[in-house]
1. Go through segment 82-99 and give me each residue that's of a type in the set (A, V, I, L, M, F, W, C) and surrounded by fewer than 20 Cβ atoms within 10 Å (Cβ to Cβ).
2. Could you pull out the residue among V379, V364, V353, V370 that is in contact with a strand residue (DSSP E or B) (Cβ under 7 Å, 6 or more places away or on another chain) and free of Cβ contacts under 8 Å to residues at least 12 places away in the same chain?
3. May I ask you to say which residue of G107, G172 is modelled with pLDDT under 95 and assigned to a strand (DSSP E or B)?
4. Scan segment 312-349 residue by residue and report those that are farther than 13 Å from D212 by Cβ, of a type in the set (A, V, I, L, M, F, W, C) and in a loop (DSSP other than H, G, I, E, B).
5. Among the candidates V119, V138, V102, which residue alone is aliphatic (A, V, I, L, M) and surrounded by fewer than 24 Cβ atoms within 10 Å (Cβ to Cβ)?
6. Can you spot a residue in segment 177-194 that is modelled with pLDDT under 90 and surrounded by fewer than 18 Cβ atoms within 10 Å (Cβ to Cβ)?
7. Tell me which residues, restricted to segment 378-391, are out of contact with any helix residue (DSSP H, G or I) (no Cβ under 6 Å at 6 or more places or on another chain) and either assigned to a strand (DSSP E or B) or surrounded by 14 or more Cβ atoms within 10 Å (Cβ to Cβ) (or both).
Amino acid sequence: MCSISPDAHIELGENRIASGGDVCRVCSGAQNSNPARSKSEKEQESMRISEVGEFGLIARIDKGCVNDPSTVVRGIGDDAAVLTVSPGRKLLVCSDMLVEDVHFMRGVAPWTCVGYKAVAVNLSDIAAMGAEPTSCVVSIALPPSATVDSVDGIYAGMKYLLAKYGVNLVGGDIVESSIFAIDVTMLGEASEEEIKYRDGARPGDVLMVTGDLGASAAGLQLLKSGLDCRAWTADSIPSIEEPIEPEDHRTAVIRAHFLPVPRMRESRALAELGTGSVTAMIDVSDGLASEIGHLCDQSGTGAWIAADAVPISEPTRAVAREAGLDPLNWALFGGEDYELLFTVSRGCVGEVVEAFAAAGLSGVAAIGEVTEPSLGRWVVMPGGRRMELTPGGYAHFREGSR
């Protein structure tokens, strides 16, 4: 297993994501952005949290949490947060947890990336419902041996992404544990017409997906491969907003694994289409095959997809070639891509493509069709051969899923 060097950093926009003993500069509100740190500041960062205490940590975390004050009556500091809810809109709530040695490994994922991803997976759930995120609460379990800079890194990664989408961090909890665990509960709002459920797919609808699939699994493959991947898991990873050189395929897939981009803008474009255009939606967290299964189970349908229509990026294909593996398996079963899988009425495919173009978005593909349940679920390979589409992504408590 490869690891991150102690002074590794990842650029996010104009700010720095750091790991190990380095200072994290992701969120300007989280820490002093002056690079010339005093000796006392450096000593504080290397202190164990047992030396700072619960309330000392809360005081550090409280800075830079509110990005939209208009929706917060009372945030961190009381027994409960008090928020305003927009008239005529529904409140949506989701929760996701990241646990050490299940979702990330200490010393491999930079702390800022762990915090970033804890927020990203929850934003992705809100996006899958066609809603807009408003606020969140974060509960974190920490071992007494954890250092202040590891906690600062986690929260800096979270605050970077929360600020990007104007989401407020309004509360949570801190507890002692033998391992790290982060639980984020995200709140969102949407009108009834905008909300997209999993159970609305109908025979004849077209299956579509945003972006590309399999990149996160390709990044994980590199991290597990035993290759010396420190160079591209650390200083060489550029800003999320900056393009990656075509030949730098390792950086692209490592970035996809550590720093998934929640499809908030794509969700907005889909939510604003006319009623009946998008009939069902889900995010791709456990692999395309698994998510198609969820849509079919809840909608009472079957489905088929064309293997050669599944969008797979060239960086993912390049890593697969080097490893001697089929990238389609990563797309179907790898998971953690956090793209949006959705169904649309057959006559609305062009409308979706036009909406994405008008919003300056790219990367949406029609990959298959919803069918009657009796027809089953299939992948149609080039040449017409069919393979049964069975879930194969990660599932907690299932033997062989890890």
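1. V82, L83, V85, L91, L92, V93, M97, V99
2. V353
3. Of the residues listed, the single one that is modelled with pLDDT under 95 and assigned to a strand (DSSP E or B) is G172.
4. L325
5. Answer to the selection: V102.
6. Yes, that holds for at least one residue.
7. Hits for segment 378-391 are W378, V380, R386, M387, E388.
The rows are residues; the columns are (1) modelled with pLDDT under 95; (2) of a type in the set (A, V, I, L, M, F, W, C).
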site: P327; (1), (2): no, no
site: A331; (1), (2): no, yes
site: G335; (1), (2): yes, no
site: Y338; (1), (2): no, no
site: T343; (1), (2): no, no
site: R346; (1), (2): yes, no
site: A366; (1), (2): no, yes
site: V370; (1), (2): no, yes
site: S374; (1), (2): no, no
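The values are calculated or read from the model by the stated rules, or taken from the named source; none is laboratory data. All figures in this text were calculated on a predicted structure; none of them were measured in a lab. Counting neighbours? That spans all protein chains shown, and the Cβs are built from the backbone with ideal geometry, glycine included.
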